[in-house]
1. Would it be correct to say that residue 125 is within 18 Å of residue 87 (Cβ to Cβ) and surrounded by fewer than 18 Cβ atoms within 10 Å (Cβ to Cβ)?
2. Are any residues in region 88-110 under 23 Å from residue 76 (Cα atoms) and either small (Gly, Ala, Ser) or modelled with pLDDT of 80 or more (or both), and if so, which ones?
3. Take the residues in region 142-162 that are within 19 Å of residue 111 (Cβ to Cβ) and surrounded by 13 or more Cβ atoms within 10 Å (Cβ to Cβ), then tell me which one is modelled with the lowest pLDDT.
4. Of all residues in region 32-61, which are within 25 Å of residue 114 (Cα to Cα) and part of a loop (DSSP other than H, G, I, E, B)?
5. Given (1) under 15 Å from residue 33 (Cβ atoms); (2) part of a helix (DSSP H, G or I), identify the lone condition not met by residue 64.
6. Would you pick out the residues in region 124-161 that are more than 14 Å from residue 112 (Cα to Cα) and outside any helix (DSSP H, G or I)?
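The values are calculated or read from the model by the stated rules, or taken from the named source; none is laboratory data. Owing to the predicted nature of the structure, the values given are computational and were not obtained by experimental measurement. Neighbour counts run over all protein chains shown; Cβ positions are idealised from the backbone, glycine included.
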Amino acid sequence: MRLIWGMSFVAACLSGPAVAQQGSAYSAGLRVAQSRGYDNAACYARVFAKHAIVIEKSGGRRGWYAPSTPAYNAEQRSRCGIDRLEDIAARREAQRFAVPGAPRPRGGLHGAGMRVAAQRGYSGREATCFARVYAVYASPQPAPRGMVKYAIPDASLHTYSQELFQRCGISR
């Protein structure tokens, strides 16, 4: 009996830090989901925490990272309805066409898209979808007093409108 009690005590002590780390992984996943504008942030964070590992960053700091494995991507898609591969491709495409050295808007392009969506009267799921499409197509444009604003170039306007309608059901 003492042996079983002792093993249970050791298991409980060893699982304590794991539970604390799991909470930290959940928090990190929640921050990632919210920064990317995912609708189902809590679900994303749960799956992230399940697959996350601790990595050491430059400067000796540690952080959570969920490797983009087929199992992780499939679980995000099936449980949470989040297609990470499509999202990664969209962000890469936006970076590919970004002007080098152009100032980044506060809150990122997604934040700028959310502001534009709010100005046009969209909210909730529609606003989030609008912002994600906007982030892919928006590019820096010169503005008065040497400032930079982000807008959809005329050459991309037709494709942008089609994408908004297909993904979000929004017709301009």
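1. Considered against the rule, which asks whether it is within 18 Å of residue 87 (Cβ to Cβ) and surrounded by fewer than 18 Cβ atoms within 10 Å (Cβ to Cβ), residue 125 comes out as yes.
2. Matches in region 88-110: 89, 90, 94.
3. Residue satisfying both the conditions and the ranking: 148.
4. Within region 32-61, 37, 38, 39, 40 qualify.
5. That leaves (2) as the condition not met.
6. Of everything in region 124-161, those that are more than 14 Å from residue 112 (Cα to Cα) and outside any helix (DSSP H, G or I) turn out to be 142, 143, 147, 153.
Condition check ((1) surrounded by 14 or more Cβ atoms within 10 Å (Cβ to Cβ); (2) charged (D, E, K, R); (3) out of contact with any Leu (no Cβ under 9 Å at 6 or more places or on another chain); (4) modelled with pLDDT of 80 or more) across all residues:
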position	(1), (2), (3), (4)
35	no, no, yes, no
40	yes, no, yes, yes
48	yes, no, no, yes
53	no, no, yes, yes
58	no, no, yes, no
64	yes, no, yes, yes
68	no, no, no, yes
73	yes, no, no, yes
82	yes, no, yes, yes
